[in-house]
1. Tally up the residues in segment 211-249 that are of a type in the set (Val, Ile, Thr), open to solvent by less than 70 Å² (accessible area, probe 1.4 Å) and modelled with pLDDT under 70, please.
2. Exactly one of (1) closer than 24 Å to Arg177 by Cα; (2) open to solvent by less than 40 Å² (accessible area, probe 1.4 Å) is unmet by Phe103. Its number?
3. Here is a check on your reading of the model: is Leu198 at pLDDT 95 or above, of a type outside the set (Lys, Arg) and closer than 21 Å to Arg227 by Cα?
4. Which one of these does Lys67 not meet: (1) open to solvent by 60 Å² or more (accessible area, probe 1.4 Å); (2) at pLDDT below 95; (3) basic (Lys, Arg)?
5. Which condition number does Leu45 fail, the rest of (1) of a type in the set (A, V, I, L, M); (2) over 23 Å from Leu106 (Cβ atoms); (3) in contact (Cβ under 8 Å) with a residue 60 or more places away in the chain being met?
6. Could you check how many residues of segment 164-187 are of a type outside the set (A, V, I, L, M) and surrounded by 21 or more Cβ atoms within 10 Å (Cβ to Cβ)?
Amino acid sequence: MNKFGFIIPVYKHGSTIEAVVQSILPYSYPIIIIDDGNNEENRALISECASKHPQVSLISYPKNAGKGAAMSKGIKKAEEMGLSHIFQIDADGQHDISVCKSFLDLSEQNPDALINGYPYYDSSVPSARKKGRKFANSWARFVSLNRGIKDVLCGFRIYPVAPYIKLLRRRAYINPRMGYDSDILVHFSWLGVRIINLPVTVSYPKDGISNFHFIRDNFAISVTFARLFLGMIIRLPKLILQRRAADGK
């Protein structure tokens, strides 16, 4: 039986963290919040939220280290707590939390798999973000030789902890910042972990705070995929065998 927990990396979203935590409290699973080097105002809101809820564990970085670094820290904490699966949820409140049960049920039925959210957008989505996802998703399928990946940028996933810890112990380089979501998914695919996709509605409120910077972060994601392309070349024989085995099932 899976032992679930949630991880919420937080940067500049202290104002929404309480609502996100409240929405997942009914599941009664441990919640790991990572304060990723926030300013005093956001840090106070995050600390207040953590102090109110006994099932919340708070880890704080003195300076912003990036989402990937925050997730790695949280995964190590999850292993210490004896958790087998971690549900990553973003702190901005953009994802439809009502679908959590479907994700958890599917993970329970497929404990070896990564349950990967892919966005179902409402009319609030910026067109530039939507087009950028198509580029990232196409490259991820290419460098992983995995046509089954539907989205690599959605921060709404359930990871099995064991293969994640395996990557960390191997000291695999995972982008610590904006390229993280794509990078970690490709590394899981390279390990041979099954990726099962489920939709989640995503909305972009007009007054929402985004940590995405179009030029800087698209450049960083492009560099990440260039590095992943080299990783694919090194692993190509193994990946071809994996794909043939998967296609033969």
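The values are calculated or read from the model by the stated rules, or taken from the named source; none is laboratory data. Treat the numbers as computed from the prediction; the structure is a model and nothing was measured. Neighbour counts run over all protein chains shown; Cβ positions are idealised from the backbone, glycine included. With ligands, DNA and RNA removed, areas are computed over all heavy atoms of the protein, side chains included. Shrake-Rupley method; radii C 1.70, N 1.55, O 1.52, S 1.80 Å.
1. 0
2. (1)
3. Considered against the rule, which asks whether it is at pLDDT 95 or above, of a type outside the set (Lys, Arg) and closer than 21 Å to Arg227 by Cα, Leu198 comes out as no.
4. That leaves (1) as the condition not met.
5. All conditions are met except number (3).
6. The qualifying residues number 8.
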